[in-house]
Amino acid sequence: MFLGTLVYGIVNSVILALVALGFNLTFGISGIANFAYGALYVLTGYGVWILLNEVGLPLFLAAPAMVVLTAMAGALLYRVVLIRLRGMAISEVIATFGVGLAVLEFFRYLGFIGFEYTLPPLLDGSLSIGPVFLDLQRALIVIVGVTLTGVLWLFTHHTRLGLAFRGIAQDEHTAMCLGIHSDRVAMFSLAFGGGLCALAAVVILPIGTISVDAGYDVLLEALAVCIVGGLGSAVGVIVASFILGLAQTYTAMYMGSHWMMIVTLVAILLILTIRPSGLFGKQKELEERI
Amino acid sequence: MLYLLGPRALPLILLGMGIFLAPPYWKKVLVNTAIFGILALSWDLLVCTGLVSLGQALFFGVGAYIAGTLNHYWGWPWWVTLPTATVAGGLLCAGILAPVLRLRGIYFAMVTLVLPLMLVRIIEATKILGGTEGLSGLQTFPSSWVELVLSLAAFFAVLFGFRRLMGTDYGLVLQGIRDNDRSVLSSGINIHWFKAQALFIAGATGAFAGAFMTHTYMFVGMPVFALDYSILPIAAAVVGGMGTLAGPAVGAFILIPLSEVLRALGALRIVIYGLFLVVFIVALPEGLFPYLSRKYHQFERWVEVE
């Protein structure tokens with residue numbers, strides 16, 4: 001029992017890390033807390049569903065198409081809305097929250113509620129780790145999560161665009177002096193954030209059903225992981241997702257699934273109260289509290 | 001004379017006509033509007049102090065649950081629960097948020113976003129205070145007239161009270177905290193104490209709105225912590241104009257009747273709220289009220305010089 005919970009806890013942690021990666025990337029580079037993140041997640045889910053069942057595309061075409069489309073939606077969000085609000089943190093939050101709300105509730109209005117809205121798993125079957133059975137989709141999530149983290153590390157350390165991302169994140173003015181276009185990088189950061197979110201949705205959603213409420217939960221989970229780990233910190237995301245993922249799974253195991261979300265929310269509150277920059281974030285004392 | 005009096009008298013005349021001429025259903029809407037207006041004003045008072053809250057539902061829900069519990073379990077009448085819930089709700093909200101008073105900007109906003117969500121889940125998980133079912137069959141007001149007059153009176157009391165408060169030295173300190181908290185701090189003023197007081201005032205106002213709503217609907221349950229009660233005050237303030245106090249009041253009187261008109265659209269209403277938020281914050285960030293008053297003062301007029 002303990003071992004089984006541990007395995008599923010690790011899977012849960014990887015799911016959290018996958019969900020948080022995109023949010024963290026966007027915030028780390030452009031400082032925009034993308035509150036439309038959950039909406040992008042759900043948008044991908046329903047988008048793939050529509051492409052599969054209404055348009056009739058095969059899954060291996062529909063999923064990448066939706067990842068690209070969601071990335072474009074992220075870029076569009078920056079181009080149309082956020083570029084006009086750059087630097088006003090509260091306005092950015094309200095605007096992205098408004099966009100997310102509109103998208104999510106629009107899906108609810110269209111009647112996308114019910115158990116028939118599921119995505120087919122990319123892999124069928126299961127494997128056994130000792131006494132524990134794990135279905136291949138969950139194993140795939142772990143593999144995708146680990147690969148994606150590696151690819152992201154390579155990308156931000158060894159490509160021109162990735163280095164530009166880090167340059168803007170470290171010091172915007174110096175980066176601009178070196179010919180890095182701040183607005184373009186910020187747009188790319190939202191596009192990449194959206195794309196990562198869509199990738200996460202494509203691999204995670206086959207486990208359950210797609211629902212509008214999942215959008216709000218995903219946003220909260222991404223927020224929780226990023227806040228606990230430290231907004232904008234890559235190591236923090238991984239450590240925090242393991243702390244939260246294991247804590248969530250063990251709470252669900254021993255206290256009931258009602259308490260799962262409470263653990264997440266309490267973690268956010270505790271970290272914000274005690275150490276607002278998170279476990280691994282850079283301290284910005286007077287900016288975050290006085 | 002008319003130039004100054006006109007814009008002030010017009011809403012009152014319209015409202016007075018509304019009170020006497022509106023059909024019963026729209027009177028109910030008017031009560032709703034006043035309640036949301038109070039909630040929006042309490043949001044705006046926090047903005048004036050530099051605290052942006054994404055979870056006004058916390059204040060609303062705390063007030064609603066206090067009034068509901070007192071009435072349901074102990075049978076206290078509404079004219080006792082209303083003031084009790086107001087004061088106790090304010091104290092409770094200020095108490096809950098006291099440990100995070102030092103947080104600024106978006107960090108404070110995230111705490112307030114999380115708190116009502118957490119309270120909902122705790123009520124759901126522990127099944128206290130009626131759990132998912134909520135408490136129903138609460139006492140309502142003796143007549144719809146009492147309800148209407150009381151809600152509107154409270155709304156105007158809060159609106160003009162807050163506007164006057166902002167003109168006093170006390171209000172200046174609060175606005176100073178918003179504009180530059182460090183310079184207020186360095187002039188020897190304890191900003192945390194002032195922020196706690198602002199939280200108490202806003203919390204009490206929000207709790208009053210919640211308690212009033214509880215007695216109007218004769219029900220209190222998990223929906224009082226719902227996202228609607230956090231979004232609507234923000235939407236009203238963004239549409240009307242943040243930080244002006246009159247703005248959110250105007251915004252509430254636009255948005256709530258609008259949402260009644262659009263009732264047939266169901267969930268699409270929230271979509272429209274979301275879009276309102278985006279469009280106004282991008283296209284008219286100052287809000288309707290400051291924009292209109294600025295334009296109004298630009299009209300040419302002849303003034304007799306004595």
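The values are calculated or read from the model by the stated rules, or taken from the named source; none is laboratory data. Note that the structure is a prediction, hence the values are computed from the model and not measured. In this analysis, Cβ positions are derived from the backbone assuming ideal geometry, glycine residues included, and neighbour counts consider all displayed protein chains.
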Task: Flag if residue B:284 is touching a helix residue (DSSP H, G or I) at 6+ places or on another chain (Cβ under 8 Å), farther than 28 Å from residue B:50 by Cα, within 14 Å of chain A (Cβ to nearest Cβ) and surrounded by fewer than 18 Cβ atoms within 10 Å (Cβ to Cβ) - done: no
TODO: Would you mind stating whether residue B:132 is touching an Asp or Glu at 6+ places or on another chain (Cβ under 7 Å) and of a type in the set (Ser, Thr, Tyr)?
DONE: yes
Task: Among (1) in contact with a Pro (Cβ under 6 Å, 6 or more places away or on another chain); (2) at the interface with chain A (Cβ under 8 Å from one of its Cβ atoms), the one test that residue B:276 misses - done: (1)
Task: Criterion violated by residue A:261 - all others in (1) touching a Phe, Trp or Tyr at 6+ places or on another chain (Cβ under 7 Å); (2) crowded, with 22+ Cβ neighbours inside 10 Å; (3) at pLDDT below 85 satisfied - done: (1)
Task: Of all residues in the stretch A:93-124 being over 17 Å from residue B:276 (Cβ atoms) and part of a helix (DSSP H, G or I), the one that is nearest to the other protein chains (Cβ to nearest Cβ) - done: A:108
Task: Considering residues of the stretch B:192-236 that are surrounded by fewer than 21 Cβ atoms within 10 Å (Cβ to Cβ) and within 12 Å of chain A (Cβ to nearest Cβ) only, the residue nearest to the chain's Cα centre (by Cα) - done: B:228
TODO: Filter the stretch A:44-92 down to residues that are surrounded by 14 or more Cβ atoms within 10 Å (Cβ to Cβ) and among the polar types (S, T, N, Q) and give me whichever is nearest to the other protein chains (Cβ to nearest Cβ).
DONE: A:91
Open item on the list: Please verify whether residue A:216 is among the hydroxyl-bearing types (Ser, Thr, Tyr), assigned to a helix (DSSP H, G or I) and within 13 Å of another protein chain (Cβ to nearest Cβ), treating the condition exactly as stated.
Closed with: yes
Open item on the list: Suppose the filter is facing chain A (nearest Cβ under 7 Å) and free of Cβ contacts under 8 Å to residues at least 60 places away in the same chain; does residue B:128 pass it?
Closed with: no
